[in-house]
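Only one structure is covered here, and it is reproduced in the block below.
What follows is calculated from the coordinates using simple rules that are stated; it is not laboratory data. Remember, it's a predicted structure, so these values are computed and weren't measured experimentally. Methodologically, a virtual Cβ is constructed for each residue, glycine included, from the backbone with ideal geometry; neighbour enumeration extends over all protein chains shown.
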Amino acid sequence: MSWKLILEIAKALMLARIKQTLVAAVGVLFSISMFIALLGFMNGLNSLLDGMILNRTPHIRFYNEIKPNPNQPIQLSSEFGPDLNSIRSVKPSTSRLAIHNSRSIIQQLEQDPRVLGVSPKLAAQVFFNVGTLDLNSNINGIDGFKESQLFGFEEYVIEGRVEDLDQLNTIILGKGVADRMMAKLGDVIQVTTAQGNRIQLKVVGAFQSGLGDFDKTNSYASLATVQKMLGQPASYFTDIQVKLHDFNQAPLLAKELGTIFEVEADDIQTVNAQFETGSEVRNIISYAVGITLLVVAGFGIYNILNMMIYEKLDSIAILKAIGFSPKDVNRIFTSIAILIGLVGSSLGLVVGYLLGLLIDHIPFETDALPTITTYPIDYNPKFYLIGGVFGLLTTYLAGFFPARKASSVDPVEIIRGK
Amino acid sequence: MTANPVLEAKSISKYFYNASTTQVLDQVSIQINRGEFVSIMGKSGCGKSTLLYILSTMDTDYEGQLWLDGALVTGKDPAYLSQLRNEKIGFVFQFHYLLNEFTVLENVMIPALKLARHSRVEIAERAMEKLQIFDMQDHAHKKPNQLSGGQKQRVSIARALINDPLLIMGDEPTGNLDHKNSALVFDKFKELTQELGQTLLIVTHDQEFAKATDRTIEMEDGKVVGKVSSR
């Protein structure tokens, strides 16, 4: 049996009911394009919001926690030994905040195939001296190049250049800090460390992370600058930040490496669990809405096919009488459904893409997000694939039952009933 | 001529199950030979149409045996029966039954396209020839709803002929036509048997029509009551 003839008959039936056919195809088109636009928009926003936090957060962070020594001297004493000892008023030990053996840890991490990159950090508590006022602040000593590469630091620097940090005694201020100090590019500010060291730093930039509180209390300088401020050697780091190839491995690796290096290790999932949940819920909602649209379009096709079959009972009877098998008739109506689906879905994908482009050009400016000027859209081909497959699937299912009904039409009943 | 009859029905019975069981056909046995022009005649409700639909293989719910061209048809699956109808049986119905979505020519071509024994171009040529027999070639590219009832019926006979069927069946093919058109259709049937040796089986309640055929099978209350040769 030639498909050509079946398609020809399907085409003729559709042309005879061109209006309804078009309405059905437009229904599919509409739902697919909305599906694509919705998912693209939702995911664009998702990755934007996630990016605000997650991209800037290391997948694993190694640091020394200030806590009481778990091995108190009493346990070493043979007099008390393994008994249950109760000690009151235990204080945290005076062990330093810096990570021991930081050089070799970094070296080892850089050789690990699962690790994308390593960036050491040194956090210091300082006071900015503005006239008679002392503003409390954190200075983060970073490697500007690595920080930009791994955590997109560059994107948040709204004034000045990250490279200028490489000069000693320079600083990039948080926008909130800069505003409070009325500091401009090129100004020299005075900083006092917690240890009492005084140092002059030149302002070479300002950054805006989108999190106001963070910008009010944080500034960035090079590692060397901060080490010098604190009077510490070049291997003095308080944090080692790691970015992995696959961030889902973070919890596992954090545990493994934390034990090996004998330092605290936090993974991104534990620290930022709420963001994951948020994106997931938004994703589920957009898929649910998209699929609902498709199902509604599917019902449209179902209705139109059912109506067509009811109207064309005579034609179906005559086709059967002249030698079309039930299977052939089934194929005719399934082809109609799939043709409607194909045309509707492919146009829907195109229109969805255009809708995405349109949204992509709507201005969206907010102080919190300096790098964003228009609404974000995610053009992930995955959505187009899912949209296309679902479009065809729903239309096929919508055509399945009407086609089965058509194939079971008894020609004798129709011809005799006339 | 071969010994095989074109069509042979052996004690066919059929019941309608509608609240109570009614027997519509009672042990009907008939035989149609090659080249014969046979009519089945009887009053409304005598079961003649029911018999025709069983003989046409479209109705499979019956008792007894049906042989077509020396092969048993009873109990075969629907796909096989469809193929058989396409190849060996041509149909003419009371109410024309052309597909309005297609042109006259395409209507005639469809059974042949389905059979796919010839190329599309050949089929179109053959369809034109068949239309010429009925003087309908000038209407080939019209849609059926632009034709008169008699014209439609002539087209549907042309369609019945397209695959050179073993047998053409008609259910009151002239029942819906005026006298002039019905005479025209009858003459064409006659021509087909005489000139092309076409086997025809026509159900009618028109005495005049029946009388003019080679053989009339008369039915009453689901039984064959007599085989009258009109000539």
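Structure data summary
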quantity	calculated
Calculated FRET value between A:HIS245 and A:ILE74, using beta carbons and R₀ = 41 Å, to 0.05	0.35
Sparse-neighbourhood loop sites, trypsin sites (Lys or Arg not before Pro) in the stretch A:141-220 - DSSP loop, at most 11 other Cβ within 10 angstrom	A:LYS184
Kyte-Doolittle mean at least 0.5 and Cα axial length at least 18 Å: DSSP H helices in chain A	A:3-16, A:18-53, A:273-311, A:326-360, A:381-407
Kirkwood hydrodynamic radius of the stretch A:1-93, Cα pairs, Å	21.6
Positive-end residue, chain B charge dipole about Cα centroid, Cβ charges, pick of B:LEU105, B:SER182, B:VAL24	B:LEU105
Spacing of the two label points (7 Å from each Cα toward its C-beta) at B:LYS76 and A:ASN85, in nm	10.0
Simple Cβ-charge dipole of chain A, Lys/Arg +1 and Asp/Glu -1, about Cα centre, in debye nearest 20	1520
Prolate/oblate/rounded call for the stretch A:85-238, Cα gyration tensor, a/c under 1.5 rounded	oblate
Diffusion coefficient, µm² s⁻¹, Stokes-Einstein with Kirkwood Rh over alpha-carbon pairs of chain B at 37 °C and 0.692 mPa s	182
Percentage relative contact order, chain A, counting C-alpha pairs under 8 Å, at least six apart	27
Pair A:SER2, A:THR192: separation of 7 Å Cα→Cβ label points (nm)	9.6
Sites matching trypsin sites (Lys or Arg not before Pro) across the stretch A:1-89 that sit in DSSP coil, with at most 11 neighbouring C-beta atoms within 10 Å	A:ARG88
Rounded to 5, percent antiparallel among DSSP beta bridges of the stretch B:106-231	55
Neighbour-count order for B:ASP77, A:ASP112, fewest beta carbons within 10 angstrom listed first	B:ASP77, A:ASP112
Which of A:THR395, A:THR277, A:THR21 has the fewest Cβ neighbours within 10 Å, and the rest in rising order	A:THR277, A:THR21, A:THR395
For B:SER11, net neighbour charge (Lys/Arg +1, Asp/Glu -1) across residues whose Cβ lies under 13 Å away	0
Cβ-based exposure ranking for B:TRP67, A:TRP3, in which fewest neighbours within 10 Å come first	A:TRP3, B:TRP67
Charge-dipole axis of chain B as Lys and Arg at +1 and Asp and Glu at -1 on Cβ define it, positive-most pick from B:SER148, B:PHE93, B:GLN132	B:GLN132
Virtual spin-label span in nm between A:GLU365 and A:GLU256, 7 Å along Cα→Cβ	4.8
Within 10 Å of each Cβ in B:74-82, the average number of Cβ atoms from other chains	3
Global geometry of the stretch B:42-151, whether rounded, prolate or oblate, following the gyration tensor of its Cα atoms and the 1.5 cut on a/c	oblate
Neighbour net charge for A:GLY231 - beta-carbon separation under 14 angstrom, K R +1, D E -1	+3
Positive-end residue of A:SER286, A:ASN248, A:ALA206, charge dipole of the stretch A:187-296 with Cβ unit charges	A:ALA206
Unsatisfied cross-links (Cα-Cα over 27 Å) in the set A:LYS121/A:LYS255; B:LYS10/B:LYS48; B:LYS14/B:LYS43; B:LYS76/B:LYS190; A:LYS320/B:LYS76	B:LYS76/B:LYS190
Under-5 Å amide H pairs with B:GLY64, H placed in peptide plane, nonlocal only	B:SER13
